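Colleague: There's a structure below that I have some questions on.
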Amino acid sequence: MSWDYIFTVLPPMLKGAQTTVLMFLAVIVLSVPLGFGVTLLMRSRVKPLAWLAHTYVYVMRGTPLLLQVLFFCFGLPLLPVIGEYLVFDRFISAAIAFVLNYAAYFAEIFRGGLLSIDKGQQEAAQVLGLSKWQTMTKVIVPQMIRVVLPTTANEAITLVKDTALLYAVAVPELLYFAQTAVNRDMRLIPFFLAAIVYLLMTLVLTIAFKALEKRYSFK
Amino acid sequence: MTHIIEVKQLKKSFDALEVLKEVSFDIQAGEVVAVIGPSGSGKSTMLRSLIHLEEVTGGTIRILGQGLVEEGRYASGKDIRTLTDRMGMVFQHFNLFPHLTVRANLELAPKTLKKDTAAGIRKRSMELLDKVGLLDKADVYPANLSGGQKQRVAIARALMMQPDILLFDEPTSALDPELTGEVLRVIKQLAQENMTMIIVTHEMGFAREVADRVFFMDKGEIAEAGTPEQLFGNPQRERTRMFLQREKLEE
C-alpha cells in the first residue's frame, strides 16, 4: 500500500463525499417534516385524505428506491404534455425521489411513535386548558421524539448508504469516484477508502443520535 | 343557595349500552362529594362528562349557573372551554408529562396560556409544591418519583390553574396501599380550605371521613345519596347494603 496512491485518489473521492453529505442533509431536512405531515394526514378525520396518505406510504414503501430514483431522473421527462417541464438537474431529481421515499418511512415511524403515547397525556393537557395545537407541540411531539429516536437513527444510517444509489444515475458521489479509480488503476484500495469514509459518516451519526437520546431520556 | 354544579337527567349510552341513565344532582360551593359504587357503575363516566372528556347523549350540566350542555345540546366550543377551565381534574394514573420536570409540569399550562407573569407562575408553582410537600423534587423528572409523589404533583398541577372545582377520578386506586395516606392527606387539606371537590373513590374510610355527602352509584344511576353517617351508618336500599358489606369483607 502506498501513501502516494492514497493521496492521489482521495481528493476526488472526498469531493464525491461532499455530494453524499449534501444529499444526506437535503433528504433528512426535507423528509422528516414531510413525513410528519403525512403522519398527521394518515390520522386525519377526513377519510379521503387519510386514504391518500396511506396509499402514498404503501406505494413508496412497496417499490424499490432504485426504481423511484430512475423514474424521477429518466421517467418524468417522458410523461406526455408535462414531461418537457420536468427535466431537472439529476441530483435534484434523485433528491426528490429520496425525499418522497424517506418521508414515507418516517411517516410510519412517527405514526408508531404517536400510537405509543398514552391517551391520558392528551386528556391531561385538555383539562389544563391547552388547545389541540398546544397539546401536539408541547406534550405529544416531545414524547414522540423520544420514542422514535432509535428507529430514526437507523433510517438516517440507511440513508447514508442509500446515497450510493446515485451511482446508478451517474451523479458523481463517493462510490462513483471509488469505482472509477478501481476500474482505471486495477487496485482495491479505493473501495476500502470509500468504506472507511462511509463508516466515519455513520460513526458521526451514531454519536450524534446517542447524544440526542440522552437529552431526550427525561431522567 | 346557589349551586356550583347542577346535573339533570344526564344520559349516556354506547349503542345499546346505557352507561348513565337519568343522573341528577346538585353540588354547592365548598362541598366535598364522594362517589362510590361497583366498577362499571358509571362513576368515572359521570365525572368525566362534567369536564367534557366524555360527551353525553342527553341531559343538562350547568357549571356556575351556565349550561355546558342543556338537554343534550352542547354550548359552543368557546363556552365549553370557559366552563371547563373552572375545573381541574386528577386522574387515576396521574398523567404527568414525563418529558417535563415536576416544576415544568406545573408551569406548562399557565405559561402556555399566559395566565400570569413568569415570576408569578414560578412563585405559585413553588408555593404549591411546598403545600404538597415536594419542594425538594421541583427539578426531578416524574420517572424518579413514587406513585404517591406523582399524584401529589398532579394535584399541584391542577391547582396551578386556580380551579373552582376539583374532580378526582380514583386518585389512590393505582397506588400501593402504604402510599395512599400521603395523597389523602393533601385532599383532606383541600377540603378544609373549602375547595369544591367530587371524588370517585374506593376508599370507604376516606369517603366517610372527608365527604359532606356520599353518592352511591350502581348500574348507571345514583342509587342512594346522603351524608356519610346516613349512607354508611344506615343505608336505605338493599343494593347499597350489599355493596358496603362486600367492601367491608375486602378490607
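The values are calculated or read from the model by the stated rules, or taken from the named source; none is laboratory data. This structure is a prediction, so every number in the text was calculated from the model and none was measured. Cβ: placed from backbone, ideal geometry, glycine included. Neighbour counts: every protein chain shown. These area figures cover heavy atoms from the full protein model, side chains too; ligands, DNA and RNA do not enter into them. Shrake-Rupley method; radii C 1.70, N 1.55, O 1.52, S 1.80 Å.
Colleague: Within region B:93-102, is even one residue out of contact with any helix residue (DSSP H, G or I) (no Cβ under 7 Å at 6 or more places or on another chain), surrounded by 17 or more Cβ atoms within 10 Å (Cβ to Cβ) and facing chain A (nearest Cβ under 8 Å)?
Modeller: No, region B:93-102 contains no residue that is out of contact with any helix residue (DSSP H, G or I) (no Cβ under 7 Å at 6 or more places or on another chain), surrounded by 17 or more Cβ atoms within 10 Å (Cβ to Cβ) and facing chain A (nearest Cβ under 8 Å).
Colleague: Also, quick follow-up: Out of the residues in region B:47-80 meeting the condition of being under 18 Å from B:Ser13 (Cβ atoms), surrounded by fewer than 18 Cβ atoms within 10 Å (Cβ to Cβ) and not hydroxyl-bearing (Ser, Thr, Tyr), tell me which one is nearest to the other protein chains (Cβ to nearest Cβ).
Modeller: Ranking the qualifying residues of region B:47-80, first place goes to B:Glu54.
Colleague: Only one of A:Thr55, A:Thr39, A:Thr8 is β-branched (Val, Ile, Thr), without any contact (Cβ under 8 Å) to a residue 12 or more places away in the chain, part of a helix (DSSP H, G or I) and more than 25 Å from A:Pro172 (Cα to Cα). Can you tell me which?
Modeller: Of A:Thr55, A:Thr39, A:Thr8, the one residue that is β-branched (Val, Ile, Thr), without any contact (Cβ under 8 Å) to a residue 12 or more places away in the chain, part of a helix (DSSP H, G or I) and more than 25 Å from A:Pro172 (Cα to Cα) is A:Thr55.
Colleague: Against the condition part of a helix (DSSP H, G or I), away from chain B (no Cβ under 14 Å) and exposed (fewer than 13 other Cβ atoms within 10 Å of the Cβ), how does A:Ala194 come out, does it pass?
Modeller: It is false that A:Ala194 is part of a helix (DSSP H, G or I), away from chain B (no Cβ under 14 Å) and exposed (fewer than 13 other Cβ atoms within 10 Å of the Cβ).
Colleague: Further question: Output the number of residues of region B:144-158 satisfying the condition of being in contact (Cβ under 8 Å) with a residue 60 or more places away in the chain and either among the aromatic types (Phe, Trp, Tyr) or more than 11 Å from every other protein chain (Cβ to nearest Cβ) (or both).
Modeller: So the count comes out to 2.
Colleague: Ok, one more. Is there a residue being touching a residue at least 12 places away in the same chain (Cβ under 8 Å), open to solvent by 20 Å² or more (accessible area, probe 1.4 Å), within 14 Å of chain A (Cβ to nearest Cβ) and not in a strand (DSSP E or B) anywhere in region B:32-44?
Modeller: Yes, some residue in region B:32-44 is touching a residue at least 12 places away in the same chain (Cβ under 8 Å), open to solvent by 20 Å² or more (accessible area, probe 1.4 Å), within 14 Å of chain A (Cβ to nearest Cβ) and not in a strand (DSSP E or B).
Colleague: B:Val19 - would you say it is within 17 Å of the chain's Cα centre (by Cα), in contact (Cβ under 8 Å) with a residue 12 or more places away in the chain and not in a loop (DSSP other than H, G, I, E, B)? Lay out the reasoning, then the answer.
Modeller: On the way: within 17 Å of the chain's Cα centre (by Cα): no; in contact (Cβ under 8 Å) with a residue 12 or more places away in the chain: yes; not in a loop (DSSP other than H, G, I, E, B): yes.
So B:Val19 fails the test.
Colleague: All but one of (1) surrounded by 15 or more Cβ atoms within 10 Å (Cβ to Cβ); (2) in a loop (DSSP other than H, G, I, E, B) hold for B:Gln162, so report the exception by its number.
Modeller: Of everything listed in (1) surrounded by 15 or more Cβ atoms within 10 Å (Cβ to Cβ); (2) in a loop (DSSP other than H, G, I, E, B), B:Gln162 misses just condition (1).
Colleague: Spot the failing condition for B:Phe25; the list is (1) modelled with pLDDT under 95; (2) assigned to a strand (DSSP E or B); (3) surrounded by fewer than 20 Cβ atoms within 10 Å (Cβ to Cβ); (4) of a type in the set (A, V, I, L, M, F, W, C), and only one is missed.
Modeller: Of everything listed in (1) modelled with pLDDT under 95; (2) assigned to a strand (DSSP E or B); (3) surrounded by fewer than 20 Cβ atoms within 10 Å (Cβ to Cβ); (4) of a type in the set (A, V, I, L, M, F, W, C), B:Phe25 misses just condition (1).
Colleague: So, B:Leu128, is that one modelled with pLDDT of 95 or more and over 19 Å from the mean Cα position of the chain (by Cα) or not?
Modeller: No; evaluated as a whole, the condition is false for this residue.
Colleague: Would region B:106-116 turn up any residue that is outside any loop (DSSP other than H, G, I, E, B), open to solvent by 30 Å² or more (accessible area, probe 1.4 Å) and at pLDDT 95 or above?
Modeller: Yes, region B:106-116 has at least one match.
Colleague: Tell me which residues, restricted to region A:77-94, are more than 20 Å from A:Thr163 (Cα to Cα), hydrophobic (A, V, I, L, M, F, W, C) and surrounded by 12 or more Cβ atoms within 10 Å (Cβ to Cβ).
Modeller: Of everything in region A:77-94, just one residue is more than 20 Å from A:Thr163 (Cα to Cα), hydrophobic (A, V, I, L, M, F, W, C) and surrounded by 12 or more Cβ atoms within 10 Å (Cβ to Cβ), namely A:Leu86.
Colleague: Let me ask something additional. Looking only at residues that are facing chain B (nearest Cβ under 8 Å) and hydrophobic (A, V, I, L, M, F, W, C) in region A:126-150, which one is surrounded by the fewest Cβ atoms within 10 Å (Cβ to Cβ)?
Modeller: Checking each candidate, the answer is A:Leu130.
Colleague: Let me ask something additional. Can you tell me which residues in region B:180-211 are of a type in the set (D, E, K, R) and either within 15 Å of the chain's Cα centre (by Cα) or outside any loop (DSSP other than H, G, I, E, B) (or both)?
Modeller: Once the filter is applied, which keeps residues that are of a type in the set (D, E, K, R) and either within 15 Å of the chain's Cα centre (by Cα) or outside any loop (DSSP other than H, G, I, E, B) (or both), region B:180-211 yields B:Glu182, B:Arg185, B:Lys188, B:Glu203, B:Arg208, B:Glu209.
Colleague: May I pose another question? Consider only pairs whose beta carbons are under 9 Å apart and that are at least six residues apart or on different chains; among these, list those whose first residue lies in region A:151-164 and is buried (at least 19 other Cβ atoms within 10 Å of the Cβ) and whose second residue is acidic (Asp, Glu).
Modeller: Qualifying pairs under 9 Å: A:Thr163/A:Glu173.
Colleague: Answer yes or no as to whether A:Ala50 is under 23 Å from A:Thr151 (Cβ atoms), assigned to a helix (DSSP H, G or I) and without any contact (Cβ under 8 Å) to a residue 12 or more places away in the chain.
Modeller: Details: under 23 Å from A:Thr151 (Cβ atoms): yes; assigned to a helix (DSSP H, G or I): yes; without any contact (Cβ under 8 Å) to a residue 12 or more places away in the chain: yes.
For A:Ala50, the condition - under 23 Å from A:Thr151 (Cβ atoms), assigned to a helix (DSSP H, G or I) and without any contact (Cβ under 8 Å) to a residue 12 or more places away in the chain - is met.
Colleague: Identify the residue in region B:123-143 that is surrounded by fewer than 16 Cβ atoms within 10 Å (Cβ to Cβ) and charged (D, E, K, R) and, among all such residues, is nearest to the other protein chains (Cβ to nearest Cβ).
Modeller: Going through the qualifying residues, I end up with B:Asp139.
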